[in-house]
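Input: a single structure, listed below in structure tokens.
The values are calculated or read from the model by the stated rules, or taken from the named source; none is laboratory data. Note that the coordinates shown come from a computational prediction; the quantities given were computed from them, not determined experimentally. Positions of Cβ are backbone-derived with ideal geometry, glycine not excepted, and every protein chain shown enters the neighbour counts. The area values use the complete protein model at the heavy-atom level, side chains included, leaving out ligands, DNA and RNA. Shrake-Rupley method; radii C 1.70, N 1.55, O 1.52, S 1.80 Å.
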Amino acid sequence: MGPYTILIGLSLAVVLSYLFDLAARATKVPSVLMLLFTGIALKQAADYGDVGVLIPKVVLEIFGIIGLILIVLEGALDLKINREKAPLIRRSFAAAALILVVQALIIAELLQLYLGVSFQTCLINAVPLAVISSAIAIPSVSSLGGEKQEFIVYESTFSDILGIMLFNFALQDNFAQGISIVTFLRDVIAVSIVAVISTAILAFMLDRIRLHIKFFLIFAFLVLIYSLAKKLHLSSLLLVLAFGLAVNNAELFLKGPLKRLLHPERLTEELHQFKSITAESAFLIRTFFFLLFGYSISLTNLISVTLLWQGLLIVGVLTLIRFFYLRYIAKSDLIPELFIAPKGLISILLFYSIPEAHLIGQVSENMLFVVILLTGLLMMVGLLLARKEPELGEY
């Protein structure tokens with residue numbers, strides 16, 4: 001293919017993604033699902049026309065990592081912290097932590113009973129199926145507003161971070177031994193220290209750099225710090241969340257000498273443009289990631305009754321656990337919170353991170369796609385019910 005053909009394709013992808021976003025607001029069908037099915041259709045068209053375009057897995061991983069960083073940053077830049085919201089933050093953190101751990105343990109137990117492999121291997125494969133994707137949840141609830149939107153943004157972001165921490169914990173060679181818990185706590189302390197230092201550096205750059213290219217320079221440093229922390233097996237997504245919250249709540253975090261050094265009022269002036277660039281970049285990366293992931297899926301492998309039943313069983317178990325927590329422990333609303341727990345970008349990245357020694361043939365890329373599809377449809381139902389709630393309340 002020539003360069004102009006490629007440019008036409010890339011441009012059409014962006015235009016199509018924008019149209020999907022408009023359609024999603026009207027129909028509540030997640031735009032991510034539309035992108036995935038478009039990718040599958042392109043794959044079928046390429047196979048039919050005998051046009052072989054191989055997408056290396058590393059390309060998907062790079063788009064996914066950058067997309068995850070930008071989407072979590074975008075969500076964090078929309079969150080304001082104050083005393084009134086402390087109960088909401090505690091509630092969303094508790095929901096993310098407890099639901100994630102219980103879902104991962106139960107799915108792992110089911111995999112072990114069904115497949116007879118080690119519990120560690122089953123847990124490593126179960127975590128990607130349990131973690132909530134902020135990449136899908138955050139953009140999808142933008143129309144909700146109020147505390148419901150904030151709860152889902154916080155919960156999905158915490159779920160991403162805790163999911164990575166649980167995944168790294170399960171990967172340890174000394175898994176299920178006392179030393180692994182000590183190592184885990186050490187990593188949490190280490191990433192917290194790195195988060196504070198890196199956030200101060202990035203905030204300083206945002207305040208002091210006066211070049212017109214400074215925002216992408218900050219993104220580059222953020223990706224650099226994230227990648228270095230990841231190399232050290234730290235939960236580096238916490239760095240992104242800390243930076244976004246610190247910048248959007250500068251007046252809360254910058255006190256005393258830090259206030260004189262970083263000037264919160266100047267950070268506030270830069271915030272609007274920073275949010276805009278982050279949102280535009282996240283939209284662009286998300287578009288290409290889900291198109292490419294859909295393109296990597298083989299439709300013939302998806303046409304399987306067994307695969308569909310397995311996906312329905314997993315999603316059914318995940319939803320039942322979520323229902324039990326929200327209804328009987330948290331005693332909170334079920335609509336739309338029960339339905340908005342989509343799997344997506346973070347699930348795919350974690351799945352690609354599973355070492356070859358722990359791969360399970362039955363938990364495949366196609367299984368992951370089915371779970372993503374079913375949880376996306378559930379989210380659509382939840383958003384439709386949420387839209388009808390005011391109408392029901394009028395009677």
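Can you give me the relative contact order of the chain as a percent, contacts being Cα pairs under 8 Å and 6 or more apart? Mind showing how you got there, number by number?
Numbers: 454 pairs, mean separation 118.3, N = 395.
Relative contact order for the chain comes out at 30 percent.
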Report task. Would you calculate the separation in nanometres between label points at residue 221 and residue 119, each defined as 7 Å from the Cα along the Cα-to-beta-carbon direction? Result -> 4.5
Report summary line: When the charge dipole of the chain is computed with +1 on Lys and Arg Cβ and -1 on Asp and Glu Cβ about the Cα centre, the Cα farthest towards its positive end, among 112, 384, 185, belongs to 185
Query raised in the report: Using a ≥ b ≥ c from the Cα gyration tensor of the range 1-131 (square roots of the eigenvalues), is it rounded, prolate or oblate, where a/c under 1.5 gives rounded and otherwise the larger of a/b and b/c decides, a/b for prolate?
Result: oblate
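Where the convex hull is taken over the Cα atoms of the range 1-78, what is its projected area averaged over directions, in nm²? Mind showing how you got there, number by number?
Values: hull surface 26.7 nm².
Average projection, Cα convex hull of the range 1-78: 6.7 nm².
At 222 nm, what helix-only mean residue ellipticity would the chain give, in deg cm²/dmol to the nearest 500, using -39500 (n - 2.57) for each DSSP H run of four or more?
Computed ellipticity for the chain at 222 nm equals -26000 deg cm²/dmol.
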**Report entry** Proximal charge balance of residue 342 [Cβ under 15 Å; K/R count +1, D/E count -1]
**Finding:** +1
Query - Viscosity 1.306 mPa s, temperature 10 °C, Stokes-Einstein D of the range 293-392 from Kirkwood C-alpha radius, µm²/s - result: 105
Query raised in the report: From the residues 358, 299, 314, which one has its Cα farthest along the dipole of the range 298-392 in the positive direction, the dipole being from +1 and -1 charges on Cβ of Lys/Arg and Asp/Glu about the Cα centre?
Result: 314
Report summary line: Using a 1.4 Å probe on heavy atoms of the protein chains only, the accessible area for residue 42 in Å², nearest 10, reads 90
Query raised in the report: With each pseudo-label sitting 7 Å past Cα toward Cβ, what's the residue 109-residue 303 distance in nm, one decimal?
Result: 3.8
Query raised in the report: Which value, in Å², gives the accessible area per residue of the range 1-83 when a 1.4 Å probe is used on the protein heavy atoms?
Result: 57
Requested in this report: Take each complete run of DSSP H in the chain, measure how far its Cα atoms stretch along the helix's own axis, and keep only those covering 27 Å or more with mean Kyte-Doolittle hydropathy at least 1.0; list them.
Outcome: 3-27, 57-76, 86-115, 178-208, 305-324, 365-393
Requested in this report: Measure off, as a whole percent, the carbon and sulfur share of the 1.4 Å-probe accessible area of the chain, all protein chains present.
Outcome: 69
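Evaluate Rg over Rh across the range 266-336, taking Cα atoms for both radii and Kirkwood's formula for Rh. Can you show the working numbers first?
On the way: Rg = 20.2 Å, Rh = 16.6 Å.
Using Cα coordinates only, the ratio equals 1.21.
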Report summary line: The distance between the Cα centres of the range 316-352 and the range 274-295, in whole Å, is 24
Query raised in the report: Share of Cα-Cα pairs in the range 322-368 beyond 15 Å, in percent?
Result: 58
Report task. Among 38, 49, 158, pick out the residue whose Cα is farthest towards the positive end of the charge dipole of the chain, where Lys and Arg carry +1 and Asp and Glu carry -1 on C-beta, about the Cα centre. Result -> 158
Query raised in the report: Probe 1.4 Å, all protein chains in place: accessible area of residue 313 in Å², nearest 10?
Result: 110
Requested in this report: Could you tally the net charge around residue 314, taking each other residue with its Cβ under 14 Å from the Cβ of residue 314, Lys/Arg +1 and Asp/Glu -1?
Outcome: +1
